[in-house]
Amino acid sequence: MPVCRDRCDACIPSQIWQAERPPYNSSVKIILGLESSCDETAVAILRGGQLLASEIASQIAEHEKFGGVVPELASRNHLVYAPRLLERATRAAKIDLAKVDAFAATSGPGLASSLMIGASIAKGLAIGFGKPYLAINHLEAHLLSPFFLEDRSPDPSRQTTVPAVAGRIRQAERPPAMTGDTPVFQRLQSEIKPSISLIVSGGHTMSVQVTGLADYRLIGRTVDDAAGEAFDKVAKMLGLGYPGGPEIEKHARRGNATRFDLPRSMLDSENFSFSGLKTAVRYLLPKLQGDFLADLCASFQQAIVDVLVRKTIAAAKRYDVDLITVSGGVSCNEELRRQLRDACDGEGFKFKSAEPWLCTDNAAMIAFAASLRLEAGFESKVAEEIDPNLALA
Ligand code: KG4
Ligand code: ZN
């Protein structure tokens, strides 16, 4: 048979499978999510609103010696870790793969060769078990993660029937995925209310107007470095480890945030810029002597927090919403969470942030986004390709 170079629908075998698969059953309960967009491999299983397993294998240590993520190495590692995590997650959740109702994976943005691993596994499982496949936008998963609430109600049935899991392979110095009760999200789409969502990660910094699930409008984004990238680059200049955010935060705790007057760029714009701040630190460093590390970390962190808080509050006022959410790795930062919450309280906005373990890359947020999408009637074709530059809106 000649090979079709246009990859038109008629020539893609998966279309045949999709046509033959039984119709989607709206009582879908168990969702398996995979995340492999960068240097973290993760698998999570969600049943209804309950997270049964969340496994993460970090590759940070392997990439650290190269000074950044090496895509070839990352994808090879995903191939090694993903099957192990699948095994661990199903064992922890006491779920047979055949019982899973839908398979989801990050389809972008991210490293192409890494995205392919998670997406191919999820597609293969969906095809093999005849279940729906959901391609999830990594940024949407971050954006929705503040809605994944922990139900702290003392429901004994929850705590006895589902064991809490804390599965991480070679995951150094980061909080375990779950340490106590199994997290449960309360209810769903009705909670994806009109809001301003600040997404701050290693690769992205954006402010988004959210009208409802899958209804997003980009308000502003960074024109150069992402906030997390600025933390990582400045940490490197200071001889601190990777990822830089937690390192800087640690030193900043005992520092004076007013000692160094660092720039807050583009305050009148809806976009963000952090490369001037990074350059200011670079020029300042050779002039410093003595014990300056804690004060510099605190001043740098405060410059970022000031910009993020100010622009987010301004956007919430401009777009007339009463809810602000924050997500992404940088939203682990306690000062950012505290100052944004205080600003929201002061200005009369409601505030939601993800639990810290849900802020950095994980598969629970992928499964959660998939569950919301599935419930709203979305489903992806297995022919849907990964997109390293996938946009949110
Ligand atoms: O969301 P994430 O895990 O990966 C991406 O999608 O990029 O974010 C990783 C970023 C890194 O740049 C890391 O330095 C930053 O989040 N980060 C923090 C903190 N924890 C992680 N930045 C500031 N303070 C933290 N506590
Ligand atoms: Zn991320």
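Throughout, read-outs are computed from the coordinates displayed, never taken from laboratory work. Here the structure is a predicted model, which means the values were calculated and not measured. When we count neighbours, we look across all protein chains shown, and the Cβ atoms used for this are built from the backbone with ideal geometry, even at glycine.
3J(HN,Hα) along the stretch 216-227, derived from phi through the Karplus expression 6.51 cos²θ - 1.76 cosθ + 1.60 where θ = phi - 60°, amounts to 10, 9, 6, 9, x, 8, 6, 8, 9, 7, 7, 4 Hz, with x in place of Gly and Pro. Length gained on full extension, Gln339 to Thr258, computed as 0.36 nm times the residue gap minus the Cα-Cα distance: 27.6 nm. Residue ranges 96-107, 64-75, 244-255, 280-291 sort as 96-107, 244-255, 64-75, 280-291 when ordered by packing (mean number of other C-beta atoms within 10 Å per residue, highest first). The DSSP beta bridges internal to the stretch 195-354 are antiparallel in roughly 55% of cases. The convex hull of the Cα atoms of the stretch 195-354, projected and averaged over all directions, covers 8.8 nm². Which lysines have a Cα lying under 19 Å from the Cα of Lys352, excluding residues fewer than 8 positions away in the same chain? Filter leaves Lys193, Lys311, Lys317. Listed by chain and number, the lysines whose alpha-carbon sits under 22 Å from that of Lys29, ignoring those within fewer than 8 places in the same chain, are Lys94, Lys99, Lys123, Lys131, Lys381. With the charge dipole of the stretch 195-354 set up from +1 on Lys and Arg Cβ and -1 on Asp and Glu Cβ about the Cα centre, the Cα lying farthest toward the positive end among the listed residues Ile324, Gly245, Ala314 is that of Gly245.
The lysines within cross-link reach of Lys287, meaning a Cα-to-Cα straight distance under 30 Å and a gap of 8 or more places when in the same chain, are Lys65, Lys233, Lys236, Lys250, Lys278.
Around the amide H of Ala354, modelled in the peptide plane, lie the amide H atoms of Val326, all under 5 Å away and 5 or more residues distant in sequence or on another chain. Residue by residue, the stretch 331-344 carries 3J(HN,Hα) couplings of 6, 5, 4, 5, 5, 4, 4, 5, 6, 6, 5, 4, 5, 4 Hz when phi is fed to the Karplus relation 6.51 cos²θ - 1.76 cosθ + 1.60 (θ = phi - 60°); x denotes Gly or Pro.
Put the Cα centre of the stretch 92-113 next to the Cα centre of the stretch 207-262 and the gap is 29 Å.
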